[in-house]
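Okay, structure first, notes after.
The values are calculated or read from the model by the stated rules, or taken from the named source; none is laboratory data. Worth saying up front: this structure is predicted, and the values here are computed from it rather than measured. All Cβ positions, even for glycine, are placed from backbone atoms using ideal geometry, and neighbour counts span all protein chains on display. The protein model used for the area step is the full one, side chains on, heavy atoms only, and it has no ligands, DNA or RNA in it. Shrake-Rupley method; radii C 1.70, N 1.55, O 1.52, S 1.80 Å.
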Amino acid sequence: MCAFVKGEPSVRVSVVGLGYVGLVTSACLAEQGHDVVGIEVSSARIEALLDGRMPFHEPGLAELVQANREVGRLTFTADPAAISQADVVFVAVGTHDGNGGWQTRTIQSCLNDIVPRLADDAALVIRSTLPPWFLAHLPIIVGRMRQEAGLGEVPVLLNPEFTKEGTAVQDFLEPERVVLGIAHDVDGRGAARLRRLYRGMSAPILEMSATDAALSKLGANLFLATKISFANELAQLCDQYGGNVDQVVGAMAYDHRIGGAFLRAGIGFGGSCLPHQVTMTVATAAKSGLPTPLFAAVAEVNLRQRERMIDRLAGLLGGSVAGARIALLGVTFKPDTDDLRDAPSIHIATRLIEEGATVVAFDPMTNALERFAALVPGVRVASSVEIALDDADAAALVTEWGVFRQLDWVDAASRMRRAIMVDGRNALSVVELVDAGFAYASFGRGIRGQTDVPVTAPLVTAVEAEATGAPTSHETPAIDASATEGSPSERHRSGTSDLDLALTD
Ligand code: UDX
């Protein structure tokens, strides 16, 4: 927990760049009692903020911004001169090039603007995620700028954020750790200033080199991405052998060395952080002659999952999606955000349309749906989930918004031409969907429900067949339409074999 320490003077903070990271940082530091000035060069964004409009959706942020503006702890301006009053200046500008690569033009031009304006005793803190190769240059660039302006040196630190979209406010106010990376801090003044800023936090404050700080952020994201791709590979094994990934992961999670978080199988990870950091790590390391095959495989598995969604839809539709009308449920990369950056929905809708399907998308975030329509030529958008489902041959759950989890599935089935659901997030209840009459496929949980479409069963080699007494692949029956949810042993008891329920792509 974090609390403002009564009686302690507040720290004067400037935050340069009011995108996702910068605005959350500004509002949360103001909430902790500091005096914060947010600086933004985009005139549209600053006008929106001054007008009381939020530039993106993040639960709880609008309320925090409004409350702190009202008491005067948070102000916004377009004028970089405001930073000259600050004890701590955060830089939170973008470092993505928009094509899966890094760019440092924005941060370099931002440094040009602000470094000569920093007060002599201010600390410069980089909150943006930096490319690892830029770290060594950072203190040199800042030192040179100060020297050219005839000014004394300032401490330069990294303070990476570990916030998740959808819970960013809580992640900031109640962090699990605060990482301080020292790029240049001769007398320890910068670190002391940041410790004062974060004095109300009960989380451990970890001080390390700037390189270690950047790698600790990168390492966390690579590990999370690896867990998701691991779960997706494991789900494949479950489908192959008739297992249920929920049961399997549930049992694994009891081992404290493993845990259960970030092991949900499905169409894989999207967003601004995980996909970009995995692919950029592989590409940047390769440029310096360092192979990273594990991370390359994490990216490959992730992209494969998006294609699996198409395969599953095609499988349930009789081999092809051509001519089918598909309701795409959700477009944002996860619930509780309006962010479309590297959202799997874009790949999936584009590929379905290429294959000859009609895609009708719905998402509770109207503005995200409008941007989605501009990003995916040929996609149709619906103003309600019911309209998206009307006359659909199949539905594809892409984002597990609460509104989809709570749908009346009997009503949904009655609206559709064919009650087929591919759940890309393993988020729906198999029993509920099957009871409502759906043919239902997810990832690592087999195919269930009524389907007149023969589904390819796993290949069982003659050797395996001999050893287990299972039928060989050409003898394997099509999916059992009456299959019910349950563990493999329960299914055996009900007379349904694992092979009946298994799925291969
Ligand atoms: C991530 C990191 O979690 C965060 O620490 C970092 O600071 C920024 O990047 P974010 O991109 O907001 O946060 O989303 P996150 O909750 O990590 O989800 C990323 C993607 O992985 C989503 O598309 C989500 O649907 C997917 N995911 C997550 C899975 O497919 N399976 C899981 O088990 C968990």
- Message: So, L328, is that one part of a strand (DSSP E or B), within 16 Å of the ligand (Cβ to nearest atom) and buried (at least 20 other Cβ atoms within 10 Å of the Cβ) or not?
- Response: yes
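What is the residue count in the range 250-264 for residues that are within 14 Å of N426 (Cα to Cα), within 11 Å of the ligand (Cβ to nearest atom) and not aliphatic (A, V, I, L, M)?
Matching residues across the range 250-264 total 2.
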- Message: Pull out all pairs, ordered by first then second residue, where Cβ-Cβ is under 9 Å, the residues are six or more apart or on different chains, the first lies in the range 155-174 and is under 20 Å from V89 (Cβ atoms) and in a loop (DSSP other than H, G, I, E, B), and the second is open to solvent by 20 Å² or more (accessible area, probe 1.4 Å) and near the ligand (Cβ under 8 Å from one of its atoms).
- Response: P160/A220; E161/D171; T163/D171
- Can you give me the number of residues within the range 265-290 that are open to solvent by 30 Å² or more (accessible area, probe 1.4 Å), in a loop (DSSP other than H, G, I, E, B) and either modelled with pLDDT of 95 or more or within 16 Å of the ligand (Cβ to nearest atom) (or both)? 3
- Note on the structure: Scanning the range 74-127 residue by residue, the ones that are part of a loop (DSSP other than H, G, I, E, B), open to solvent by less than 60 Å² (accessible area, probe 1.4 Å) and under 22 Å from L49 (Cα atoms) total 6
- Query: Taking L340, is it more than 24 Å from R448 (Cα to Cα) and either in contact with a strand residue (DSSP E or B) (Cβ under 9 Å, 6 or more places away or on another chain) or open to solvent by 60 Å² or more (accessible area, probe 1.4 Å) (or both)?
  - Reply: no
- Going by the conditions given, is A183 modelled with pLDDT of 95 or more and more than 14 Å from the ligand (Cβ to nearest atom)? yes
- Query: Considering only the range 215-249, how many residues are in a helix (DSSP H, G or I), more than 13 Å from the ligand (Cβ to nearest atom) and open to solvent by less than 70 Å² (accessible area, probe 1.4 Å)?
  - Reply: 5
- Query: Limited to the range 53-79, what total is found for residues that are in contact with a Lys or Arg (Cβ under 9 Å, 6 or more places away or on another chain) and under 15 Å from R12 (Cα atoms)?
  - Reply: 2
- The residue from S345, S320 that alone is of a type in the set (S, T, Y) and either outside the structural domain of D363 (by TED's automatic domain parsing) or in contact (Cβ under 8 Å) with a residue 40 or more places away in the chain (or both) is S345
- Message: Considering only residues that are touching a Gly at 6+ places or on another chain (Cβ under 7 Å) and more than 16 Å from the ligand (Cβ to nearest atom), which ones fall in the range 343-394?
- Response: I353, G356
- So which residues in the range 430-455 are in contact with an Asp or Glu (Cβ under 8 Å, 6 or more places away or on another chain) and either modelled with pLDDT under 55 or small (G, A, S) (or both), if there are any at all? A441, S442, G444, G446
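Mind counting the residues in the range 133-192 that are of a type in the set (A, V, I, L, M, F, W, C) and surrounded by fewer than 14 Cβ atoms within 10 Å (Cβ to Cβ)?
Of the residues in the range 133-192, 6 are of a type in the set (A, V, I, L, M, F, W, C) and surrounded by fewer than 14 Cβ atoms within 10 Å (Cβ to Cβ).
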- Message: I'd like to verify a number: residues in the range 58-68 that are surrounded by fewer than 18 Cβ atoms within 10 Å (Cβ to Cβ) and of a type outside the set (A, V, I, L, M, F, W, C), how many?
- Response: 4
- Task: Test T77 against the criterion of being among the hydroxyl-bearing types (S, T, Y), modelled with pLDDT of 95 or more and either farther than 20 Å from H184 by Cα or assigned by TED's automatic domain parsing to the domain that holds D342 (or both), and give yes or no.
- Result: yes
- Message: Could you list, ordered by first residue, the pairs with Cβ atoms under 6 Å in which the first is in the range 266-284 and not assigned by TED's automatic domain parsing to the domain that holds E300 and the second is near the ligand (Cβ under 7 Å from one of its atoms) and part of a helix (DSSP H, G or I), at least 6 apart or interchain?
- Response: none
- Residue satisfying condition, being surrounded by 17 or more Cβ atoms within 10 Å (Cβ to Cβ), modelled with pLDDT under 95 and either among the hydroxyl-bearing types (S, T, Y) or not assigned by TED's automatic domain parsing to the domain that holds G323 (or both), within set T399, T476: T476
